[in-house]
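Read through the structure below, which is laid out as structure tokens, and then see the notes.
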Amino acid sequence: MNRPPVVSPQEWQEARDALLVKEKELTHALDRLAAERRRLPMTRLDKPYRFVAPDGEEVGLTDLFGGQRQLVIYHFMLEPGSDHLCDGCSSFTDNLAEHASPHLKARNTRLILMSRAPQAEITPVRQRMSWTAPWYSSHPSDFNDDLGLDGGFGLSVLLRDGDEVFRTYFTRGRGVDRLRLDFNLLDLTPYGRQEAWEDSPAGWPQTPTMQWLRHRDEYETD
């Protein structure tokens, strides 16, 4: 197998220190991006949207915040009547720390999942995967369409000011990657994510993008 050079501990430390300079540059660049993100203009959400909570109760937009001022919504790809369970959305949800909510709440923030499927179709999935994150249904409102989801996944950030709600941020695709512990840990390893798009040494294991992902309870039976 072709691989990077094997060197002395001193040479390794020198190479590591040189890479650290670039990592710090990236960290500072991310800090600058976060500062810009905090200053993005907002758009008001003023339609009388209705949602269904995990307990079956019908709620409004401000109720999604659970009393907090900030709301992060992961738009989970689960369409009404569909028997397809997205492995990307499932593995993302697996990465949500079960005990993160108190830390977010300390900063006036709540994280929820949302799908267009009705609760009768969400509940079996949640039970199968033992997920604890609050999972709301936007069925049959046009909330997802108004946010431009087009049936896809994504992550929205909302701000509540009294009874007013504003959309402040949205990302999808690779923009969601940085929120995943599994991808970020793999990015630190020699093999990386082992996907074809990555620039890796010749001979490193690589497969088509996302082909390796399975639902958590399907790896052993694959």
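Tell me whether region 47-105 comes out rounded, prolate or oblate; compute the Cα gyration tensor, take square roots of the eigenvalues as a ≥ b ≥ c, and use a/c under 1.5 as the rounded threshold. Here region 47-105 falls in the oblate category. For region 156-187, the residues whose backbone nitrogen is under 20 Å from a point 7 Å from the Cα of Leu213, taken along Cα to Cβ, are 156-157, 170-187. Cross-link partners for Lys105 among the aspartates and glutamates, with Cα-Cα distance under 18 Å and sequence neighbours closer than 8 places in the same chain left out: Asp63, Asp161.
For region 43-174, the gyration tensor built on C-alpha atoms gives a rounded shape. Its axis ratio a/c (a ≥ b ≥ c) stays under 1.5.
Using a Förster radius of 41 Å, what is the FRET efficiency between Met1 and Arg39 based on their Cβ-Cβ separation? Nearest 0.05, please.
According to the calculation, E is roughly 0.30.
Using Stokes-Einstein with the Kirkwood hydrodynamic radius over Cα pairs, what translational diffusion coefficient do you get for the chain at 10 °C and a viscosity of 1.306 mPa s, in µm²/s rounded to a whole number? It diffuses with D of about 80 µm²/s by this estimate.
Shape class for region 1-113, computed from the alpha carbon gyration tensor (a ≥ b ≥ c): prolate, with a/c not under 1.5 and a/b above b/c.
Values in this text are rule-based calculations from the coordinates and carry no lab data. This one's a predicted model, so the numbers in the text were calculated from it and none came from an experiment. As a convention, Cβ positions derive from the backbone with ideal geometry for all residues, glycine included, and neighbour counts pool all protein chains shown.
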